[in-house]
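What follows is a set of notes on a single structure, which appears directly below.
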Amino acid sequence: MSDRDALVDAIAGFSLFADLTDPQLERVAHTFEELVYPAGERVLRQGMAGSGFHVILEGTAAVVVDGTERARLARGDFFGEVSILLGESPIADIVAVETLRCLVLSGPAVEGFLTDHPRIMYRMLQVQARRLRAANRWRS
Amino acid sequence: MAELTRPFPPGEYPVIIVGSGPGALQASYSLRRLGIAHAVLSADPSPGGMFRRWPHFQRLLSWTKPHAPVPRTSRTYERYDWNSLLADEPEATALQPDLMDGTSYFPSRPEMEANLASFAERAAIEVRYDCTWTGTARTDDAETTAGSRFTLETSDGTYRCRVLVIAVGVAEPFTPPGPGMEHTHHYAQVRDAETYAGRRVLILGKQNSGFELANGLLPWACQLILMSPSHAKLSVDTRTLVGVRARYVQPFEDHVLGGGVAILDAAMDRIERSPDGALLAHLKRTDGGGDLDLDVDDVISATGFVCPLVDLPNLGVATFGASRLPVQTPWWESTVPGIRFAGTIGQGAKGLQRHGVPSNSGAVHGARYNARVLAGDIAAREFGIVADRPAVPPDSVVDTIVADLSGSPDLFHQRGYLARVIAKDPAGGFVDEGIQPLAHALDAGGADAIAVTLEADGSGAIYPVLYARIRGVATDHTLDPDPFLRYDTPDTRRAVESVVAKLG
């Protein structure tokens, strides 16, 4: 099995890509860039625009706002999309807690990718809806 | 007798560089300038690295402009010459343009090889050639007195070193496994172009190597098909080095104007040999189209190369991606402290990649600056030889920044990766902390500072960005782009002054 096949198998299990056929998964694996961040490296920087959309393949990342850790992200989670969709700077640092392996799509490529893959856009909306619901529960 | 004249016999050295391509030559030159003793070992018989063989069609993608608007003797000329290595001595500087015959501003492969050989000779870079690295181990402290951490086995014997700099390129041909892939031949095994005359050729891969082959085979093959699972990207669209370079776009134009070249978004399912000796390729479209069966005479894998890291992964050197690049810190250090990378492997250190724009570390014109910064970091962190941090009088800070923005080749070629860092001196005034990876400058903390870069966002503009690091928190300040890259204007000065003022 090639590295690429292993990658396709890995992302096939992610809810974000759950509706894709094998050839479509292969296209996704080719379209995204695989990046690895050593432990401690900052992946996104609060207040600094121009970062990419990341899907975690392996490892853990911390969401840090103004120096305080607010959450942890792990395999299958994604981040970076909010600032890209809104055209604003990230509102948190994302820091690799341990070696963090991600699939990354550059910000300018995200809109075209999502409109080409409406099922992924729908799955992303579901995740955002859950996050919004969780935030509202927390407030009420 | 020849053995007596070969440098670097087996033994113990503070630093060992493996390789003799541009990355190794530049790293050796840069370490020597800092007084760091080292050995250079190479499996090749002569300098040049990949340029001893490739590109297959014998002309580079990276230009050198023999006639530029600045003198060849100036540092700014490096902006126009992407292929010469860097030296302080005039006799070893800007060597490429004098070795070109004037027919193209892209040097031919032999011209590039001559450029690198000439640099090795004029800069007196010593290399132990025909010495093949075969294995690596961590050194038991008890075996050594000089702080060595690594033992290298080679075809000439055993070496030990404290720091290992790997500069062997991304040079090992890679063909992904799959049913029938044994019927393909790799880019590295492509025959003379005329042997493809009248043949139907399927090329796997739509990056530069695939398009280079298609371009070279246009006058010969009777049918050309390029395929890979994702869209072909063109550098003129991405406005970066990402994508197929303009030199190789002709097959794309042939395709869109109906000339007969086919460019498919598809994944290979399997390849079979048919009874008549032709090849039958079964493709699965990734663009929603139906599956395809293609009869062809040749299938060429332009599926790239991987890093020949020998057994380094067994030592804990983590790798990633299709090219199996090593995971690296911004200073090109692997996940095993003491193992560093120079040359094109340095592209594994990604930096910020703001707006999706990568560094130029994969190319000579980026890696040559990385090597200099790498040497400085090795000298400082491993051997305690710290470069001078010259004082910058407060009334010269803006001048220093403006001079970098308008003339520095480092910042120009390593856009968004390397930065000039000017920090406040706790004793008063400012100090020039030199050229550093931007990611380090932003995250390392320390005295309040300004990091200066040139950057691009894929729009075609190249513009200055100033990062003010104040009490450990960095903010970015993007200046307006100028189509002629004139960043010594009154407007630029005013913008720089306003950011410098934030440091108080």
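Only the coordinates and a few stated rules stand behind these numbers; no lab work does. What you see is a predicted model, and the numbers here were worked out from it, not measured in a lab. We place every Cβ from the backbone using ideal geometry, glycine too, and count neighbours over all the protein chains shown.
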Original post:
Taking only Cα atoms, what is the 0 to 90° angle, nearest 10, from helix A:22-31's long axis to the longest principal axis of chain A?
Top reply: 50 degrees
Subject >> Relative contact order of region B:391-503, defined on C-alpha pairs under 8 angstrom at six or more residues apart (%) >> reply: 25 percent
Original post:
Each residue of region B:18-31 in turn: what ³J(HN,Hα) in whole Hz from Karplus with 6.51, -1.76, 1.60 and θ = phi - 60°, glycine and Pro shown as x?
Top reply: 10, x, 8, x, x, x, 5, 4, 5, 5, 5, 4, 5, 5
Original post:
Once every DSSP H run of n ≥ 4 in chain A is given -39500 (n - 2.57) and the sum is divided by its residues, what mean residue ellipticity at 222 nm do you get, rounded to the nearest 500 deg cm²/dmol?
Top reply: -12500 deg cm²/dmol
Subject >> Spin-label pair B:ALA391/A:ARG130, simplified geometry with 7 Å Cα→Cβ offset, distance in nm >> reply: 6.0 nm
**OP:** State, as an integer percentage, the relative contact order of region B:246-318 based on alpha-carbon contacts under 8 Å between residues 6 or more apart.
**Re:** 18 percent
Original post:
Which percent, to the nearest 5, of DSSP beta bridges fully inside the protein assembly as shown are antiparallel?
Top reply: 70 percent
**OP:** Note down the nm distance, to one decimal, between modelled labels 7 Å out along Cα→Cβ at B:LEU485 and at A:LEU85.
**Re:** 3.9 nm
**OP:** Starting at the first residue of region B:108-115, write each ³J(HN,Hα) from the Karplus equation 6.51 cos²θ - 1.76 cosθ + 1.60 with θ = phi - 60°, in whole Hz, x for Gly and Pro.
**Re:** 6, 4, x, 5, 5, 4, 5, 4
Original post:
Roughly what % of DSSP beta bridges within region B:201-302 run antiparallel, to the nearest 5?
Top reply: 50 percent
Original post:
For B:ASP130 and B:GLU91, what is the calculated FRET efficiency with R₀ set at 30 Å and r taken between the beta-carbons, to the nearest 0.05?
Top reply: 0.65
Subject >> Paramagnetic reach from B:SER274 in region B:180-203 [backbone N under 19 Å; point 7 Å along Cα→Cβ] >> reply: B:180-185, B:197-203
**OP:** Between A:ARG70 and B:THR73, with labels modelled 7 Å along Cα→Cβ, what's the label distance in nm to one decimal, could you check?
**Re:** 5.8 nm
Subject >> Relative contact order for chain B, counting Cα pairs under 8 Å that sit 6 or more residues apart, in percent >> reply: 13 percent
**OP:** Name all residues of region B:125-140 having a backbone nitrogen under 12 Å from the label point set 7 Å from the Cα of B:ASP311 along its Cα→Cβ direction, giving them as ranges.
**Re:** B:134-139
Subject >> FRET efficiency for B:GLU182 and A:ASP116, using Cβ-Cβ distance with R0 set to 35 Å, rounded to 0.05 >> reply: 0.55
**OP:** Subtract the Cα-Cα distance of B:ARG53 and B:HIS282 from 0.36 nm times their separation in residues, and report this length gain in nm to one decimal.
**Re:** 79.2 nm
Original post:
When Cβ neighbours within 10 Å are restricted to other protein chains, what is their mean count per residue of peptide B:316-325?
Top reply: 4
Original post:
Restricting the count to DSSP beta bridges whose residues both fall in chain B, what percent are antiparallel, rounded to a multiple of 5?
Top reply: 65 percent
Subject >> Estimated FRET transfer efficiency when R0 is 25 angstrom, pair B:GLN189-B:TRP220 (beta carbons, to 0.05) >> reply: 0.90
